[in-house]
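The values are calculated or read from the model by the stated rules, or taken from the named source; none is laboratory data. None of the values given here were measured: they were computed from a predicted structure. Virtual Cβ from ideal backbone geometry, glycine too; neighbours counted across all protein chains shown. Accessible surface is based on the protein model in full, side chains and every heavy atom, while ligands, DNA and RNA are left aside. Shrake-Rupley method; radii C 1.70, N 1.55, O 1.52, S 1.80 Å.
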Amino acid sequence: PAGLLAHAPALELLAVTSYSAAANGEAFAQATNRLFGAGCRATYASLVLGFSSAVPSPARVSWPRLTKLSIFTAVESAVVLGLLAKCPALFELALSGVDMARWAAGAVSQLLATPPAEATASTSVHKIYFGDVFSSAGGETTEFLKYLLVAVPSMGELAFSAKHFEELFWFVKAQAPRFPNMLKIKYDVLC
């Protein structure tokens, strides 16, 4: 019941883990909206979507109090960007891979042509961990990481696999005059 959360004491941590595909995606979205919505009284709120979990459509979720999101299944790049918009308190994002099948070629160039204030997907995410377990294409995945570097100016740490290092290094070097925050990011290369 929705009223149950209103009377619950404040929590330090609320952690929810889902390892199965939701038979009813709408019910899952409604339940997580109640848990991570405006009524959430936890200091830290974490959601883990495991290997066979269905990732809800950003149009169906409202998670303004979610602080950590871990997705350990393939997820479309557009869904990741949509979820960032629905999680204004999100501090940490962990992804096991992104399905780049619908990635728009030239998206980074288009974003770079946009004024920085209008190019922002999130202003709260500080740490992004990106594994390549489920990524569909190496070069396109590197482009997605470039996109995040521009669209998430609050980023303070980015962890990624070694295969993206060289191209990201040259991208950061080229874009640093316009986006000096990129030089302040701690880059962790996963081997």
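Here are a few things to note about the model shown:
- Single residue of segment 164-183 satisfying the filter (touching a residue at least 60 places away in the same chain (Cβ under 8 Å) and not in a helix (DSSP H, G or I)) that is most open to solvent (accessible area, probe 1.4 Å): Arg178
- Residue satisfying all of: in segment 142-163; in a helix (DSSP H, G or I) and in contact with a Ser or Thr (Cβ under 7 Å, 6 or more places away or on another chain); modelled with the highest pLDDT among these: Ala151
- Just one residue in the set Phe179, Phe171, Phe165 is out of contact with any strand residue (DSSP E or B) (no Cβ under 9 Å at 6 or more places or on another chain), farther than 19 Å from His126 by Cα and of a type in the set (Phe, Trp, Tyr); that residue is Phe171.
- Annotation: Val48 fulfils all but one of (1) open to solvent by 10 Å² or more (accessible area, probe 1.4 Å); (2) over 16 Å from Val98 (Cα atoms); (3) of a type outside the set (Phe, Trp, Tyr); (4) within 14 Å of the chain's Cα centre (by Cα); the unmet one is (2).
- Among the numbered conditions (1) within 30 Å of Glu143 (Cβ to Cβ); (2) modelled with pLDDT of 85 or more, the only one that Gln30 does not meet is (1).
- Condition check for Ala101: of a type outside the set (D, E, K, R), over 11 Å from the mean Cα position of the chain (by Cα), open to solvent by 60 Å² or more (accessible area, probe 1.4 Å) and more than 23 Å from Ala159 (Cα to Cα): no
- Residues in segment 80-93 that are under 24 Å from Ala42 (Cβ atoms) and open to solvent by 10 Å² or more (accessible area, probe 1.4 Å): Gly82, Ala85, Lys86, Pro88, Ala89, Phe91, Glu92.
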